[in-house]
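The structure appears right after this line, and notes come after that.
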Amino acid sequence: MCSLCSSGNRGIAHSPHDAVSGASHSGPALAAAHGPAGMPQGLNTPGRRTLIKGGIILSVDDAVGNFPSGDVLIENGRIVSIGAQIDAADAVVIDARGKIVMPGFIDTHHHQFETVLRSQLAHGILINDGLPVNAANYYESVLQKLSLVYTPEDVYINELFGGISQLDAGVTTVMDVSQIHHSPEHSDAVIEGLRDTGRRAVFGYFEGWGDRARYPEDARRLRDTYFSSDDQLLSMIMGGEIYLPGFERAWEVGRDLGLPIALHVVGTFGMQPTFDRLGAEGWFGPDNIFIHMTGMSDDGWRYAADAGAHVSLSVPIEMHMRHGTPPIQKALDRGMCLSLSSDVECTMSADMFTQMRGLITVQRMFANASALEGATDYPALMQPMDVIRHATIEGARGLKLDKVTGSLTPGKQADIILLDADALNVAPLNHVAGAVVTLMERTNVNTVMVGGVVKKWNGQLLGFDIARLRGRIEESRDRVFAAAGVERSLFN
Ligand SMILES: [Zn+2]
C-alpha cells in the first residue's frame, strides 16, 4: 500500500502502479490517473480549490437551501461555501449546467464480499422453507457454504469490485457488512479492499468461521491498526448478531471500544424473543443500527425507538427474499431515523435508485390501499424529497457521520455527485427530487467526488483498470464456486 493510497480522505490522484509495495493482494489495478478528455486542468491537484458552477443545487440542508442555478466552492476536500454565485478566480471550475448537484448516496448495509455471487440467488429466499424450489436459500448456500471457502485474495477483489461499482453509481459512503472474518488475514483484506476503493466506508466487523476466526476479540487490533485516526475515509462499526451464541461479548467489546453496534433483526430467524428481552433489559442505545427490523413486536419497536436506535431498510430484498414486510411505516410513525441499504447483490442491484424507488412505492402502496379501503387517517404519502433524505443525511446520521457527510453543508467533506438532468430519460426537468427518485438510474451519475477528489468524471470512473479487475473477479468467482462444489448454470 503506497502512502498516497493509504492517505484516506486526501485520496489524491497519483501515478499508475500495479505492483503496490507491501500490498497483500497485488493492488487495486490502478489505471493512468490523468483524466479523460475534457477534464479541467488542475482538477484533483492538491492545494487547488474547486468551483462547481451553475448546477441545480439540491443541498439536503434546510439552512443552506436549494438553488435552480448555484455554485459550490471546495477547498482542501471540504465544502467552504454554497450560493447562487461564488467568485473564486483561482479555482478549477467544473461546469455543472444541466446537472443536479447533491450529496452522494449513503448505503448503510451492503455485503460487498458477495460480489462474485451476483445474480446467483436472483430466485432465492432467505431460509429453507422445506420446498424443493427454495433449496438454494441464502442462509444455507451463501452463509453456510459459499462464504466459507473464501481466501483473503477473494475477499479483497470482491470488496474492491463491489465498491467501485457503487462508487460509479454515486454511492459515496457505505457500511460494508463483512461476515467473512475467517482469519485476521481475511479481516485485513476487507479493509484493504475498502481502502483501495477510495470512498468513504464504514468497516462493519462481523463474524467469521473456522479455527482461525478471531471475532470479536480481534476488534481491538483492527481498531488500533486501521482506525486510530478520525481524519480518514474509513471508520469502524461492530457487528453484534443476536442469533449467534456469545453475542453479548461482541456488544461488550464494541462498546468498550466506543464503536456503534449493528445487527440484522429478522423475525424469520426467530429473533423476536431475544430482541424483546434485550430491549426490556435496557441493552439498546443510540449506538445501535438495526437492519431490516421485520417481524418485531410492538414492545420491541418501542424499546428501539425509545433508545434512539437507527433503522436500516433494504426494501426490495426484504420483499423479495421473505425477510418480512418492510416496516417503513412502523419506523416513520415512531419518528425513527431511517436509512436505505442494498444488502446483497446475489439477489438485487446495489444502486440506490433501486432502493429509493422500492421505498417510495411500497410506502405509498400501503397508504394508498388504506385510502382505497375508505380510511381517512391513512399515513401521509412519502414525498420524493423525503426519499432523498433517507438515502443521504439519515444514512449519515445512522453511521455517526452526519458531521462529515450526507448534505451539502459548509464545513462538511465534499462528497458530491452530479446527475445528468439533460439526459434522454430525464429532460425536460420539472421537479428536482422527483427526477432523481422516480426517473434516474446509474447512467445519470455523471460525476462523483469523495472528499473533494473527483472519482468519476463525465461518466467515466477514474483510476481503475476495469478490464483487469473484471478478470480478477471472474477468477475469484471460478475459485469460490469450485471450492464450494457449486455448479454455475447460466440458464437454470
Ligand atoms: Zn444483510
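The values are calculated or read from the model by the stated rules, or taken from the named source; none is laboratory data. Note that the structure is a prediction, hence the values are computed from the model and not measured. Quick reminder, even Gly has a Cβ in these numbers, built from the backbone with ideal geometry, and neighbours come from all protein chains shown.
Things to note:
Per-residue answers, yes or no, for (1) touching a residue at least 60 places away in the same chain (Cβ under 8 Å); (2) buried (at least 18 other Cβ atoms within 10 Å of the Cβ); (3) among the aromatic types (F, W, Y); (4) more than 13 Å from the ligand (Cβ to nearest atom):
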| residue | (1), (2), (3), (4) |
| --- | --- |
| L244 | no, no, no, yes |
| R255 | no, no, no, yes |
| G270 | no, no, no, yes |
| E281 | no, no, no, yes |
| P286 | no, no, no, yes |
| I291 | yes, yes, no, no |
| G295 | no, yes, no, yes |
| Y303 | no, yes, yes, yes |
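- Close pairs (6 angstrom Cβ cut-off, 6 or more residues apart or separate chains): more than 11 Å from F113 (Cβ to Cβ) in the stretch 147-164, at pLDDT below 95 and in a helix (DSSP H, G or I) anywhere: none
- Qualifying residue in the stretch 233-242 (condition: over 16 Å from G204 (Cα atoms), more than 18 Å from the chain's Cα centre (by Cα) and either modelled with pLDDT of 95 or more or more than 15 Å from the ligand (Cβ to nearest atom) (or both)): no
- Within the stretch 376-427, the set of residues being in contact with a helix residue (DSSP H, G or I) (Cβ under 7 Å, 6 or more places away or on another chain), closer than 16 Å to S341 by Cα and not in a loop (DSSP other than H, G, I, E, B) comprises V387, I388, H390, A391.
- Matching option when the condition is small (G, A, S) and within 28 Å of E475 (Cα to Cα), among S228, S235, S165: S165
- Checklist (1) of a type in the set (A, V, I, L, M, F, W, C); (2) within 16 Å of the ligand (Cβ to nearest atom); (3) under 30 Å from K403 (Cβ atoms) applied to L146, failing item: (3)
- Scanning the stretch 319-355 for residues that are within 14 Å of the ligand (Cβ to nearest atom), outside any loop (DSSP other than H, G, I, E, B) and touching a Phe, Trp or Tyr at 6+ places or on another chain (Cβ under 9 Å) gives L340, Q355.
- Residue check for A189: crowded, with 24+ Cβ neighbours inside 10 Å, more than 17 Å from the chain's Cα centre (by Cα) and touching a residue at least 12 places away in the same chain (Cβ under 8 Å): yes
- Residues located in the stretch 209-242, provided they are in contact (Cβ under 8 Å) with a residue 60 or more places away in the chain and of a type in the set (A, V, I, L, M): L233, L234, I237
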